[in-house]
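A short write-up of the structure that comes next.
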Amino acid sequence: GRTPALPMFIEPDAGFKAFLMRTELSWDPLPAKGREEGAGAAAAAAQFGEMSASVCRLWDQYLELTCVNEAYQGRKHRYIYGYSSKFDSACIGLAKIDTQVAGNAQRWAPGWGVMITEPTFCPRPGGSAEDDGWLLATVNDTERGESQLWVFDAWALMAGPIAKVAIPSRLPHALHGHWAADKVYGPL
């Protein structure tokens, strides 16, 4: 028989197409008084209680180079932003995925010949919601031979860019980077 390497991330019948999944682990520990002191590993594992897992597919399209609001990095967060493409249509864009509601996602694409890169989330000063901020992404227009920085309202990604800034020289298509405030790295 065939054993998939990562069964919860790859569906064998989908031609090894990757999906964004949410996995939730639930653990019901035993009270401290029910545990034995000095127990071996197998006995200790049996004493820790019940654990279960659930898996939910969040997004059926290709998504990579993701980011979140950095205030939520390493903690529970609701929104993931990333570079999204539909290989059957060569349409490249950005996506905002709601990790709490399967199927609740926004996707925006600039159209044919415009290559957009991975987004960086920039929180709005004084903002309170997790998605209160902007997404920054560089763009290459292959028809015009121009590069720009586009700014999106992270709350309403589907509305498209709210600002476009011309970049004086063309950027390479495979450029990866990160935008950060001076207070993070200091002035250059």
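The values are calculated or read from the model by the stated rules, or taken from the named source; none is laboratory data. On a predicted model such as this, the values are computed, not experimentally measured, just so you know. Reconstructed Cβ throughout: ideal geometry from the backbone, glycine too, with neighbour counts over all protein chains shown.
Can you pull out the strands (runs of 3 or more DSSP E) entirely within region 54-134 that have at least 2 residues that are touching a residue at least 24 places away in the same chain (Cβ under 8 Å) and surrounded by fewer than 17 Cβ atoms within 10 Å (Cβ to Cβ)? Explain how you work it out, then say what you get.
Values: elements: 62-67, 79-86, 91-98, 105-108, 114-116, 120-123.
Result: 62-67.
Of 179, 155, which residue is at pLDDT 90 or above and either more than 14 Å from the chain's Cα centre (by Cα) or within 22 Å of residue 59 (Cα to Cα) (or both)?
Numbers: 179 fails: at pLDDT 90 or above.
Of 179, 155, the one residue that is at pLDDT 90 or above and either more than 14 Å from the chain's Cα centre (by Cα) or within 22 Å of residue 59 (Cα to Cα) (or both) is 155.
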Output the residue which, of all residues in region 26-81 that are at pLDDT 85 or above and in contact with a Ser or Thr (Cβ under 8 Å, 6 or more places away or on another chain), is nearest to residue 175 (Cα to Cα). 65
